[in-house]
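Here is the structure we will look at.
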Amino acid sequence: MNPPEFERFQESAQDRGVLFYYAGAFSPPVIAAAADSLKTRLATEDASGPAKRKLFSTFVEMAQNILHYAADTPAADGSPPVPHGAIAVGREDDPGSTGQYWIVCRNPVDQAYVERLACKLDAVRAMSLEQIKQSYREQLRNAEHARTDTISRGAGLGLLTIARDACAPLEYSFTPTTDPSGRTTLFYVKACI
């Protein structure tokens, strides 16, 4: 990328209200550093304390979901595969928008999990805020989850947390990847805060 291209990239991000963006490998140290960076950036925002808390909480949940559920991306140097994805936080400048801020993430998921994810997200999208809170409380007490679900580590608590903090139903989509095996699909989630 040459300097003029970088300028256009930076201007485009500013025009779209981007406050924070990261794309690459996800690991606990990367998430911690990104969270610290976001917290510093949010300190300069003229937003309420609850809005900042919800943004930060949603960021951490989305980053954790990428870390735990992104399809493995083989490393070019032959080292063990690491989860990859992208996450962005921004300010909504459109007066007709549902929230003041947005947060989006994208990562590859195994094609075998697409239907399961869509069903979970559709169910959460159809819930009222009170139903989301009730489902969250029920899942906290779900002692059977660890024994009966070998895929999800948190019984869907991450999605429920994100939905609880959002001011509108979560948006999501799946997009085919260029993976020649056809094993993975790009998974995208957006929350308005």
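The values are calculated or read from the model by the stated rules, or taken from the named source; none is laboratory data. Bear in mind that the values here come from a model prediction, so they are computed numbers and not experimental data. All Cβ positions, glycine included, derive from the backbone under ideal geometry; neighbour counts span all protein chains shown. Calculation scope for accessible area: heavy atoms of the full protein, side chains included, ligands and nucleic acids excluded. Shrake-Rupley method; radii C 1.70, N 1.55, O 1.52, S 1.80 Å.
Structure notes:
- Residue check, ALA71 in contact with a Ser or Thr (Cβ under 8 Å, 6 or more places away or on another chain) and either among the acidic types (Asp, Glu) or assigned to a loop (DSSP other than H, G, I, E, B) (or both): yes
- Residue match in segment 58-74 (condition: more than 21 Å from TYR188 (Cβ to Cβ) and modelled with pLDDT under 95): yes
- Of the listed requirements (1) modelled with pLDDT of 90 or more; (2) loosely packed, with under 13 Cβ neighbours inside 10 Å, PRO80 misses just one: (1).
- Within segment 116-131, the set of residues being more than 18 Å from the chain's Cα centre (by Cα) and part of a helix (DSSP H, G or I) comprises LEU129, GLU130, GLN131.
- You will find that of ILE87, ILE31, the residue that is free of Cβ contacts under 8 Å to residues at least 40 places away in the same chain and open to solvent by less than 20 Å² (accessible area, probe 1.4 Å) is ILE31 and no other.
- Residues (touching a strand residue (DSSP E or B) at 6+ places or on another chain (Cβ under 7 Å) and either small (Gly, Ala, Ser) or in a strand (DSSP E or B) (or both)) located in segment 14-33: GLY17, VAL18, LEU19, PHE20, TYR21, TYR22, ALA23, GLY24, ALA25, SER27
- Selection of segment 48-75 for residues being more than 12 Å from the chain's Cα centre (by Cα), within 18 Å of ARG183 (Cα to Cα) and surrounded by fewer than 17 Cβ atoms within 10 Å (Cβ to Cβ) yields ASP72, THR73, PRO74, ALA75.
- Scanning segment 34-47 for residues being open to solvent by less than 50 Å² (accessible area, probe 1.4 Å) and within 19 Å of GLN100 (Cα to Cα) gives a total of 4.
- Odd one out for ASP122, checked against (1) modelled with pLDDT of 95 or more; (2) within 20 Å of ALA63 (Cα to Cα); (3) open to solvent by 50 Å² or more (accessible area, probe 1.4 Å): (2)
- Residue selected from segment 1-20 under the condition modelled with pLDDT of 90 or more and aliphatic (A, V, I, L, M), by the criterion least open to solvent (accessible area, probe 1.4 Å): LEU19
- Taking the conditions (1) open to solvent by 50 Å² or more (accessible area, probe 1.4 Å); (2) under 17 Å from GLN100 (Cβ atoms); (3) touching a residue at least 40 places away in the same chain (Cβ under 8 Å) in turn, ALA23 satisfies each one other than (2).
- Top-ranked residue of segment 90-119 - restricted to ones that are open to solvent by 70 Å² or more (accessible area, probe 1.4 Å) and closer than 15 Å to ALA166 by Cβ, ranked as modelled with the lowest pLDDT: THR98
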